[in-house]
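Engineer: Got a structure for you, written out below as structure tokens; questions coming shortly.
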Amino acid sequence: MHDVKKFFWDEPYIYQSSVGGIIRLCVHEVKLLSVLEECHSLPVGGQHSGICIAHKILQCGYYCPTIHQDAHDFTESYDRCQREGGISARQELSLNIILLIDLFDVWRIDFRGPFVSSHGLKYILDEVDYVTKWVKEFVLPNNEGKSATALLKKNIFSRSCTPRVIINEGGSHFLNKLFKGILNKYGDLHNVLTPYNP
């Protein structure tokens, strides 16, 4: 009789009210197998252990008095899990280091052109921040190293913080003494060269 206080009837279902005030739908034994299969073996199920399946069912808002034992029995008797067994060390993926970068830490700069001259301007310098995908474009009369370094000083180093990495396609305008000098002046910046991607 003590446990009866935790349940209430709302036609046509029975609900269980837990200590935290969470209301869960009571699942009949006939439907329990389909709920267990749904939480275990479907593509979004995850093939988890009995404890995880039981907690997943409770989180979904279902309740059965013997849910933990039923979930354990289901996973123990599930044919596919029995055939595959546990994950061995050979099947585990290696851990990869996640590179943490902040806003404006990595910039990609590229020259585009030559285009048809408009007021003596033939080239476009693209500057893209890798994190925010913020694009800055500048039109220039030439694609020399002086123009590139002047724009870097004026628009990247003075307005935003000094980046850690500058990525470019390795053109002669980025491989000269001026460009190396500005990278050394503003800290030990890395100049990463990549093949040109249109």
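Engineer: Being surrounded by 15 or more Cβ atoms within 10 Å (Cβ to Cβ), modelled with pLDDT of 70 or more and more than 18 Å from PHE111 (Cβ to Cβ) is true for just one of PHE179, PHE174, PHE157. Which residue is that? Don't jump to the end; show me each part of the working.
Structural biologist: Numbers: PHE179 fails: more than 18 Å from PHE111 (Cβ to Cβ); PHE174 fails: more than 18 Å from PHE111 (Cβ to Cβ).
Only one candidate qualifies: PHE157.
Engineer: Specify the residue that is surrounded by the most Cβ atoms within 10 Å (Cβ to Cβ); the eligible residues are those in segment 83-118 that are at pLDDT below 75 and basic (Lys, Arg).
Structural biologist: Filtering segment 83-118 for residues that are at pLDDT below 75 and basic (Lys, Arg), the one surrounded by the most Cβ atoms within 10 Å (Cβ to Cβ) comes out as ARG83.
Engineer: Sticking with this one: I need the full set of residues from segment 93-133 which are among the β-branched types (Val, Ile, Thr), free of Cβ contacts under 8 Å to residues at least 24 places away in the same chain and assigned by TED's automatic domain parsing to the domain that holds LEU183, in order please. Write out each step before concluding.
Structural biologist: Going through segment 93-133, the residues among the β-branched types (Val, Ile, Thr) turn out to be 97-98, 101, 106, 109, 116, 124, 128, 131-132.
So of that shortlist, the ones also free of Cβ contacts under 8 Å to residues at least 24 places away in the same chain come out as 97-98, 116, 124, 128.
Matches in segment 93-133: VAL116, ILE124, VAL128.
Engineer: In this structure, is VAL165 among the β-branched types (Val, Ile, Thr), at pLDDT below 75, loosely packed, with under 15 Cβ neighbours inside 10 Å and under 34 Å from the mean Cα position of the chain (by Cα)? Before you say what the answer is, go through the steps one by one.
Structural biologist: Numbers: among the β-branched types (Val, Ile, Thr): yes; at pLDDT below 75: no; loosely packed, with under 15 Cβ neighbours inside 10 Å: yes; under 34 Å from the mean Cα position of the chain (by Cα): yes.
In short, no.
The values are calculated or read from the model by the stated rules, or taken from the named source; none is laboratory data. Since this is a predicted model, take the numbers as computed values, not measurements. Here the Cβ is made from the backbone with ideal geometry for all residues, glycine too, and neighbour counts use every protein chain on show.
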